[in-house]
Amino acid sequence: MKVFINEDKCVACGQCVAEAPDIFDQRDEDGIVVLLDANPLDDQAEAVRDAAGVCPALAITFQE
């Protein structure tokens, strides 16, 4: 899996961090998503899918 984020779309809601804290974080200054691991392990794939699904701005995409 390869994960992509679009910082321009991010609205800093933090849902991605709640779903996959090993993959996503937020910048302290503005809350915009930070990608910690663009190539997560297979056992983290479901959390990435969930994070992408709950993102209200559709700022997270991935390629299987």
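Rounded to the nearest 20, the size of the Cβ-charge dipole of the chain about its Cα centre is 220 debye, with Lys and Arg at +1 and Asp and Glu at -1.
Here the accessible area of the chain is 46 percent carbon and sulfur, with a 1.4 angstrom probe and all protein chains present. Label-to-label distance for LEU36 and ALA18 is 1.7 nm, based on points extended 7 Å past Cα in the beta-carbon direction.
Looking at the chain, the accessible area is 60 square angstrom per residue; that uses a 1.4 Å probe and ignores ligands, DNA and RNA. With respect to the chain, whose longest principal axis is taken over its alpha-carbon atoms, helix 45-54 is tilted by about 40°.
Summing +1 for each Lys or Arg and -1 for each Asp or Glu, what net charge is found among the other residues whose Cβ lies under 13 Å from the Cβ of ILE5?
Numbers: positive: LYS2, LYS9, ARG27; negative: GLU7, ASP8, ASP25, ASP37.
Residues close to ILE5 contribute a combined charge of -1.
Note on the chain: percent of Cα-Cα distances in each 10 Å bin, starting at 0 and stopping at the bin with the largest distance, equals 26, 62, 13, 0.
Between GLN63 and ASP28, the simple label model (points 7 Å from Cα in the Cβ direction) yields a spacing of 3.4 nm.
The values are calculated or read from the model by the stated rules, or taken from the named source; none is laboratory data. In this text the structure is predicted, and so the values were computed from the model without any measurement. A quick note on method: Cβ atoms are made from the backbone with ideal geometry, for glycine too, and the neighbour counts reach across all protein chains shown. The protein model used for the area step is the full one, side chains on, heavy atoms only, and it has no ligands, DNA or RNA in it. Shrake-Rupley method; radii C 1.70, N 1.55, O 1.52, S 1.80 Å.
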